[in-house]
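Any read-out appearing in this document is the output of simple, stated calculations on the displayed coordinates, not a laboratory observation. These figures come from a predicted structure and were not determined experimentally. Because the Cβ atoms are built from the backbone with ideal geometry, glycine has one as well, and the counts that use them run over all protein chains shown.
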Amino acid sequence: MLGLKLSTDPRWADLTAISIEAILTDHAYCEQKAALSMISLIQQYPEENRLVEELAPVVTEEWGHFRSVLAMLKKRNLQLGAQRRDEYVHLLKKFEKHGGSKNQRLVEKLLICALIEARSCERFRILSLHHPDEELKTFYHKFMVSEAGHYRMFIDLANEYGEREQVKSRWNQYLEYEAGIMTELALRGDRVH
């Protein structure tokens, strides 16, 4: 369904168990950044009614996810750590085309968002199936389901604002590029991506 070209090794779930505080901290900031990204899209494209209507409730949902992760940290007497640069997202944004029409630039941003949500969904699935902590398996299952819906929303929006065949072609380019990123980045248990 997600179309990712390179799957994460399921043993990554064991790496995340080394420091629950670290992976929950990174997850919290991922949720926060997702909400901020959607707010930014709304600010850049306020005239696009469907975009605004689709993203506004997801901003609330992502912020709720941030609060859920904070609650899990608190429940386990863990501390929200410092935010770290998300190298995965940084590298994805290097592939973004900045020229073209306003709609073409919007499609680029939507495809990046879709890819981040797809990879997050895939990682949360691994945690929901393979994490050694049963509570966290259940915790991450709901995030997996949510991210899958967000991925689909971003792809649908990209198809609305772009020409379907061009969107499909560009999406495949992003998938190939993202697979390259995944081979370059070390598999770390303290990062969602």
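Taking only DSSP H segments of four or more residues, each worth -39500 (n - 2.57), what value at 222 nm results for the chain once the sum is divided by all its residues, to the nearest 500 deg cm²/dmol? Don't skip to the answer; put the middle values down first.
Numbers: 7 runs with 143 residues, N = 193.
Theoretical 222 nm ellipticity from helices: -25500 deg cm²/dmol.
Stick to the Cα atoms of region 1-92, pair each with every other, and give me the Kirkwood hydrodynamic radius in Å at one decimal. Write out the running numbers ahead of the final one.
Working: mean 1/r = 0.0660 Å⁻¹.
Result for region 1-92, one decimal place: 15.2 Å.
With R₀ fixed at 25 Å, the C-beta to C-beta distance from Leu36 to Lys94 puts the FRET efficiency at about 0.80. Let me have the relative contact order for the chain, percent, based on Cα pairs under 8 Å that are six or more residues apart. RCO, the chain: 35 percent. Evaluate E = 1/(1 + (r/R0)^6) for Tyr177 and Gln83, where r is the Cβ-Cβ distance and R0 equals 30 Å; express this FRET efficiency to the nearest 0.05. Calculated transfer efficiency: 0.75.
Electrostatic tally near Arg84: other residues with Cβ closer than 11 Å to its Cβ, Lys and Arg +1, Asp and Glu -1, net -1.
Residues with beta-carbon under 12 Å from that of Asp26, excluding Asp26: net charge, scoring Lys, Arg +1 and Asp, Glu -1? Neighbour charge sum, excluding Asp26 itself: +1.
Would you mind computing Rg(Cα) / (2.2 N^0.38 Å) for region 60-193, counting N as its residues? Please list the in-between numbers first.
Numbers: Rg = 16.3 Å, N = 134, 2.2 N^0.38 = 14.1 Å.
Ratio of Rg to 2.2 N^0.38 Å for region 60-193: 1.16.
Going from the fewest other Cβ atoms within 10 Å to the most, the residues His141, His27, His131, His193 appear in the order His141, His193, His131, His27.
Please compute the length gained on full extension between Gln166 and Arg188, using 0.36 nm multiplied by the number of residues separating them and subtracting their Cα-Cα distance. Intermediate results must be reported in sequence, preceding the final value.
Working: separation 22, 0.36 × 22 = 7.92 nm, distance 3.41 nm.
Separation in residues times 0.36 nm, less the Cα-Cα distance, equals 4.5 nm.
Distance between the pseudo-spin-label points of Ser7 and Lys142 (7 Å out from Cα toward the beta carbon): 2.7 nm. Taking the chain as a Gaussian network of alpha-carbon nodes connected by springs under 10 Å, the highest mean-square fluctuation of the residues Lys94, Lys137, Lys168 belongs to Lys94.
Would you work out the relative contact order for region 42-121, in percent, from Cα pairs under 8 angstrom that are 6 or more residues apart?
Numbers: 20 pairs, mean separation 11.3, N = 80.
This gives 14 percent for region 42-121.
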